[in-house]
Amino acid sequence: MFFLQTTNSSKAHLEKEINRLIDLYGQDVLRTAYMYLKDLQKAEDVFQEVFIRVFRKYETFQGRSSEKSWIIRITINLCKDVLRSAWLKRALLTDKPVEEELPQEGESLESRVAQDAEDKLLFSEVMNLKTEFKDVILLYYYHGYDTKEISEILKVKEGTVRSRLHRARQILKERLEGRVDFGDADERF
Amino acid sequence: MTQMKDFRRIADESMANVNVRAELKEKTLVKLYRKPNTVRFLVPALAAASIMLILGIAFWPESPQSMPEDGSTEMGIMQLKTLSSPLGAPETSRFMAMDVNSWSFVSVEEARDAFGEGFLTPGNIPLGFELESITGTGTEDQVENVTLTYSESASSVDGLIRFITITQEKVASSWEYYGFEEVDLLGYTGYVSASEETAELHFFLGSVRYDVIGQLQKDQAIAIAKSMIQSTR
């Protein structure tokens, strides 16, 4: 989807557009921010800043990428800014990985409870990935972008995206002791 | 075996409580019009004021009633109010015509003095939360709202540091929060919305709106609100 009416910069139009963008992408923005920052309050701060920037830069958006890609790129960059800030670094140092959901050895993996625990563990491990790996995993598996689109969003070469994806999958496989299926991804990369 | 192709569903289920609340959207939209549009709306305001002044001078002998009693500049701002009300929320209009200032207070007492009548001191803050910051915003030297931010002094068992914000903001009139549960707060109506991990509660006393928002239980938010009302008695 693209901005179609970039020449109309009237206040009413902008209001309508920002409302539309929040309704369409707000949830993705908030949840993406949450997955980076692991803190709802900070994610909501980023949410607000994202749409303030979208509002300010609205007229400069050229429609070269989809509007969602543009907004998600702003979100990721803002999250990285926040993560770089000294205050949050201190706060995050106290974070502990969520491990209590790990199914015990011998427990049936067929059961719903165990499956839920595995799903939560996967989510937790993705949340704990280093930023460069989290970038590609979230964009590929959460937002559904292909490697070319990811390279445009992150401003890195497509080959870099592929190698980061490959490495991220390896890390997740190791941390989850092989209990994650990437489908045919390993063959593709 | 977890399927990575299901990651979107898995992540969304894990973040079932992470949603764009109406309050967040409203705050964002208000901020949009506070920050970048100060200059944008100042220009037409001044232009309108100038035009009114010129017209006033030109027609002064014939129509002395055409000028507002409190001056042409105010007339410009009055006109601006009509132009710039994105949400129809009357309390935001004043911000748009003026520069927004922000303050950081070192104590609750200092914030109370700056805010003036209507400032309520919260009690019943959940155990483990400590006051982290007190900030305010407003126009010129008038503090229009104050936010007290409480954070957990230590991370919780799940590794996250939780926050509670209590905001007190001067408003022109009260309104209802549709879709929120109405609760009794010592005779006043509160509007609460809560999930397993978060809650937000709003209520009005006189010309001030109070918000209790954060990673807390609904009962905790209500207890904080009641303690604020109790502090007035």
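Sort out which residues of the range B:196-206 are in a strand (DSSP E or B) and among the charged types (D, E, K, R), and write them in order of number. Talk me through it step by step, then tell me what you get.
Pass one, the range B:196-206, residues in a strand (DSSP E or B): B:199-205.
Result: B:Glu200, single match.
Every condition in (1) assigned to a helix (DSSP H, G or I); (2) at pLDDT below 85; (3) within 13 Å of chain B (Cβ to nearest Cβ) holds for A:Gln41 except the one numbered (2).
Residue-wise test of (1) farther than 19 Å from B:Ser14 by Cβ; (2) within 8 Å of another protein chain (Cβ to nearest Cβ); (3) polar (S, T, N, Q).
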{"position": "A:Lys120", "(1), (2), (3)": "no, yes, no"}
{"position": "A:Val126", "(1), (2), (3)": "no, yes, no"}
{"position": "A:Lys134", "(1), (2), (3)": "no, no, no"}
{"position": "A:Val161", "(1), (2), (3)": "yes, no, no"}
{"position": "A:Arg167", "(1), (2), (3)": "yes, no, no"}
{"position": "A:Arg175", "(1), (2), (3)": "no, no, no"}
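The selection criterion, being out of contact with any Leu (no Cβ under 7 Å at 6 or more places or on another chain) and within 14 Å of another protein chain (Cβ to nearest Cβ), does not hold for B:Phe204. Return a yes/no flag: does the range B:192-212 have any residue that is surrounded by fewer than 16 Cβ atoms within 10 Å (Cβ to Cβ), under 19 Å from B:Arg21 (Cα atoms) and at pLDDT below 90. Yes, the range B:192-212 contains at least one residue that is surrounded by fewer than 16 Cβ atoms within 10 Å (Cβ to Cβ), under 19 Å from B:Arg21 (Cα atoms) and at pLDDT below 90. Number of residues in the range A:135-162 that are more than 18 Å from A:Trp70 (Cα to Cα) and in contact (Cβ under 8 Å) with a residue 24 or more places away in the chain: the value is 1. Here B:Ser193 meets each of (1) touching a residue at least 40 places away in the same chain (Cβ under 8 Å); (2) in a loop (DSSP other than H, G, I, E, B) with one exception, condition (2).
In the range B:207-219, the count of residues that are assigned to a helix (DSSP H, G or I) and of a type outside the set (S, T, N, Q) is one or more.
Just to check your reading of the model, which residue among B:Lys25, B:Lys31 is modelled with pLDDT under 80, closer than 22 Å to B:Tyr178 by Cβ and at the interface with another protein chain (Cβ under 9 Å from one of its Cβ atoms)?
B:Lys31
The values are calculated or read from the model by the stated rules, or taken from the named source; none is laboratory data. Small disclaimer: the values here were computed from a predicted structure and weren't measured. Neighbour counts are summed over all protein chains in view; Cβ atoms, including those assigned to glycine, are modelled from backbone coordinates with ideal geometry.
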